[in-house]
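J.: Right, I'll just put the structure down here and ask away after.
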């Protein structure tokens, strides 16, 4: 079955490396027959959060209206996050915090990365707390990418051979949760 995945990326830094992970996952998901949209804060240029989309509705900027539609149409969300000071990037939090109902009862998957050997797992643990709070339950596995500057090419190709092998199981888990929660949403939600 084909699903609609949205990849949310969190970095706006010059020379950002995580775009390689976005490209890697986009290619993997598309190769499995899924539709993939990318939400990139560098392109979206959302204002700093003052009021959520639900508080603005008709008065919301077009970018927020478009993002609301993008998130509503998603079957699942893949979050790609760097680790900044043992935490998640502020641009990622800003994008996620603008919305709420758009996420309800959709699974999320966490892809973290860093220049070091731990692959951003401390940021991933913070996302484990944040994502379910906004309505995006996380799948059990995370996908950390260590030394991203030498692990993936600019085009998102695995230069090590190890990520290409590991990603299949991770994506199968995401697809399983996507299928299960989509079926349940079609039957109705608890509230």
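Taken together, the values in this text are just the output of simple stated rules run on the coordinates, not laboratory data. What you see is a predicted model, and the numbers here were worked out from it, not measured in a lab. In this analysis, Cβ positions are derived from the backbone assuming ideal geometry, glycine residues included, and neighbour counts consider all displayed protein chains.
J.: Could you line up 131, 136, 46, 159 from fewest to most neighbouring Cβ atoms inside 10 Å?
T.: Working: 131 20, 136 25, 46 17, 159 13.
Ranking 131, 136, 46, 159 by Cβ neighbours within 10 Å, fewest first, gives 159, 46, 131, 136.
J.: Please state the shape class of segment 1-51: rounded when a/c is under 1.5, otherwise prolate if a/b exceeds b/c and oblate if not, all from the C-alpha gyration tensor.
T.: Oblate.
J.: Then there is this: Students often get this wrong, so try it: which of (i) 10.6; (ii) 13.1; (iii) 19.3 is mean projected area of the Cα convex hull in nm² as calculated from the structure shown?
T.: (i)
J.: In which sequence would 62, 75 go, from the one with the fewest C-beta neighbours within 10 Å to the one with the most?
T.: Details: 62 7, 75 22.
Taking fewest neighbouring Cβ atoms as first place, the list is 62, 75.
J.: For segment 33-107, report the translational diffusion coefficient in µm²/s to the nearest whole number, using Stokes-Einstein at 20 °C, 1.002 mPa s, and a Kirkwood Rh over Cα pairs.
T.: Values: Rh = 13.3 Å.
For the chosen part, D equals 161 µm²/s.
J.: Under 1.5 on a/c is rounded, so check that first for segment 65-114, then, if it is not, pick prolate when a/b is larger than b/c and oblate when it is not; a ≥ b ≥ c are the square roots of the alpha carbon gyration tensor eigenvalues.
T.: On the way: a/c = 2.65, a/b = 1.70, b/c = 1.56.
It is prolate, given that a/c is not under 1.5 and a/b is the larger ratio.
J.: Tell me, what is the percent relative contact order of segment 82-159, built from C-alpha pairs under 8 Å that lie six or more residues apart?
T.: The value is 34 percent.
J.: Order these by the 10 Å Cβ neighbour count, fewest first: 34, 86.
T.: Details: 34 20, 86 11.
The most exposed by this proxy come first: 86, 34.
J.: Shape of segment 91-162 from its Cα gyration tensor (a ≥ b ≥ c, root eigenvalues): rounded if a/c is under 1.5, otherwise prolate when a/b > b/c, or oblate?
T.: Working: a/c = 2.24, a/b = 2.14, b/c = 1.04.
Prolate.
J.: Hey, another quick one. Remind me, relative contact order of the chain in percent, using alpha carbon pairs under 8 angstrom and six or more residues apart? Mind showing how you got there, number by number?
T.: Working: 340 pairs, mean separation 45.5, N = 191.
Relative contact order of the chain: 24 percent.
J.: Who wins for biggest fluctuation among 84, 103, 113 in a Gaussian network model of the chain, springs between alpha carbons below 10 Å?
T.: It is 84.
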